[in-house]
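Trainee: Quick one: the structure is below, and I'll ask about it shortly.
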Amino acid sequence: MSDSLIPNNNENAFRAVVAIIENARENAFRAVNRELITMYGDIGEYVSRRVEESGWGKSVVGEFSDFIQRRYTGIKGFSPSNIWRMKQFYETYRDNEKLATLSRELTWSHNL
């Protein structure tokens, strides 16, 4: 059905509903971003502590990556280099209160 066949009052109503849908999608993307950033920070913190307390190094992080890839085939993005990046992310920003607050509000994925 073309836009010219929709009565004007219905078009406005339809646009209102689409705005609700778009708003919900935006909120969902933000929520996912917040959770991912939290997860990356939590994993980075865990690995950082294990490096300090238990001497984790490249081989253990490699084993951890292999463990995830073998046992949890649906989980992606946990290569050894990505795990080290999570550690670096945590160590870089752990004391930055402004960034911790800002990271919860990042919206870059709304364009996905």
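Trainee: Are there any pairs with C-beta distances below 8 angstrom linking a residue in the stretch 59-81 that is more than 20 Å from L36 (Cβ to Cβ) to a residue that is surrounded by 13 or more Cβ atoms within 10 Å (Cβ to Cβ), with the two at least 6 apart or on different chains, and if so which?
Mentor: V60/R50; G62/P80
Results for (1) assigned to a helix (DSSP H, G or I); (2) aliphatic (A, V, I, L, M); (3) exposed (fewer than 12 other Cβ atoms within 10 Å of the Cβ), shown as yes or no for each residue.
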position: R15; (1), (2), (3): yes, no, yes
position: W56; (1), (2), (3): no, no, no
position: I83; (1), (2), (3): yes, yes, no
position: Q88; (1), (2), (3): yes, no, no
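Trainee: Inspect the stretch 24-31 for any residue being part of a helix (DSSP H, G or I), of a type outside the set (F, W, Y), surrounded by 13 or more Cβ atoms within 10 Å (Cβ to Cβ) and at pLDDT 90 or above and give the result as yes or no. Even if it seems obvious, please write down each step before you answer.
Mentor: Within the stretch 24-31, the first condition is being part of a helix (DSSP H, G or I), and the residues that meet it are 24-31.
Subset that is of a type outside the set (F, W, Y): 24-28, 30-31.
Next, from what is left, pick out any that are surrounded by 13 or more Cβ atoms within 10 Å (Cβ to Cβ): 26, 30.
Next, from what is left, pick out any that are at pLDDT 90 or above: 26, 30.
Scanning the stretch 24-31, I find at least one residue that is part of a helix (DSSP H, G or I), of a type outside the set (F, W, Y), surrounded by 13 or more Cβ atoms within 10 Å (Cβ to Cβ) and at pLDDT 90 or above, so the answer is yes.
The values are calculated or read from the model by the stated rules, or taken from the named source; none is laboratory data. Note that the structure is a prediction, hence the values are computed from the model and not measured. Here the Cβ is made from the backbone with ideal geometry for all residues, glycine too, and neighbour counts use every protein chain on show.
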